[in-house]
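First up is the structure itself, then whatever we jot down about it.
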Amino acid sequence: MDIYSKKQKWKFTLLGFAIIIGISSIFVTNRLVKQLKNEERKKIELWAHATKHLVSITGEGDYSLAIKVISENSNIPVILVDECDSILEHRNFNYYSKVDSILLKLRLIKKKEITKSYLRSELIEIRSGEEIPIEINIIGDKQWIYYKDSALLYQLRYYPIYQLGFIGLFMFIAYFMFSASRNSEQNKVWAGMAKETAHQIGTPLSSLMAWVELLKDKEGTESMVFEMDKDIKRLETITDRFSKIGSKSVLRETDVVQLISQSVEYLKSRMPVNTLFTLDFPNKKIIIPVNSILLEWVVENLVKNAVDAMKGKGEIKISITENANNLILNIADTGGGIDRSILKNIFKPGVTSKKRGWGLGLSLSKRIVEQYHKGSIFVMQSKKGVGTTFCIHLPKNLNSTAS
């Protein structure tokens, strides 16, 4: 649980840093946009004064400075309008779409003339905005200069959105690839651990089987040998379970009602005497493709967890039902329930409510049900002081997925 908590803290820390970076980027860019906007306003005012000065010069005055100021405005779109609302002059309006601009550069289309209707629509758009026109007085006639943001300023305003979008996309792809790689590594670790466990158990198991055969020849040991033989067969089953983790799943048509009945009967004799089992199974066969050894392991894990939750005293209800597509197995206990803080992550490795638990049983059960049987397992309900119900859906058809 401690490992998972640290993992969650790292996630929230990184998310916090990402949010701070995003907000900072937007804040700095907006501040820069405002500064550039003020600079463009000053340039337009200077352009207006230059225009007024150029008109007012008489005789052999110096035109060069005014002409230079006017000609240097190569990026801010402006429209000069008189008192009759007639458009007198305009600069830096792009009449072409991005596609047309490319085609024009490639000389695939002819240059278009900017029409009055286009300028009029631009003027209406500028007036609907927040920009205040600059008024100039030329020889007693009032004129107004309307302007809008340059293409550079427009692009800069939306730059943080594009930037954060690309960064977010990159992080999503990187996280997806990292998760896939991590899951692959985890699968290899699971498989390696399981096979090594099977190998380690196999050595003393062979020796135990030999000793049991010797005991069978002695009188008065029949009942003891019978029970020992059952436990050794159980050890063989456990070894077989571990050897199958990481191997290709082999599913065979099996009567699941009979399979789970036998598994529960074995567990009953090895559970505390104060544990009551209530079974609700249909009086018919339900044959679906399963791996018997692995499915028994899932049932055993859930039953043992239920007994631990009840501290050896309580009732375990196991029911089997079906619908058109799935077999439905419910295992309910009357224990203390699962703490809300871990309920959402109960199937993750390392997450456990037990003081000495490893947090692997439910994680293994989830792998077996979902990866090997293409089914689903989830907590149907869990209440403090009432108990917990686990639900397993197993598809009846190998080509379908349990829902």
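Structure notes:
- Paramagnetic reach from Lys313 (point 7 Å along Cα→Cβ, amide N under 17 Å) across the range 376-393: 385-387
- Sites matching trypsin sites (Lys or Arg not before Pro) across the range 272-379 that sit in DSSP coil, with at most 12 neighbouring C-beta atoms within 10 Å: Lys284, Lys285, Lys311, Lys344, Lys354, Lys355, Arg356
Readers should treat all values here as calculations from the given coordinates under stated rules, not as data from a laboratory. Keep in mind it's a predicted model, so treat the numbers as computed, not measured. As a convention, Cβ positions derive from the backbone with ideal geometry for all residues, glycine included, and neighbour counts pool all protein chains shown.
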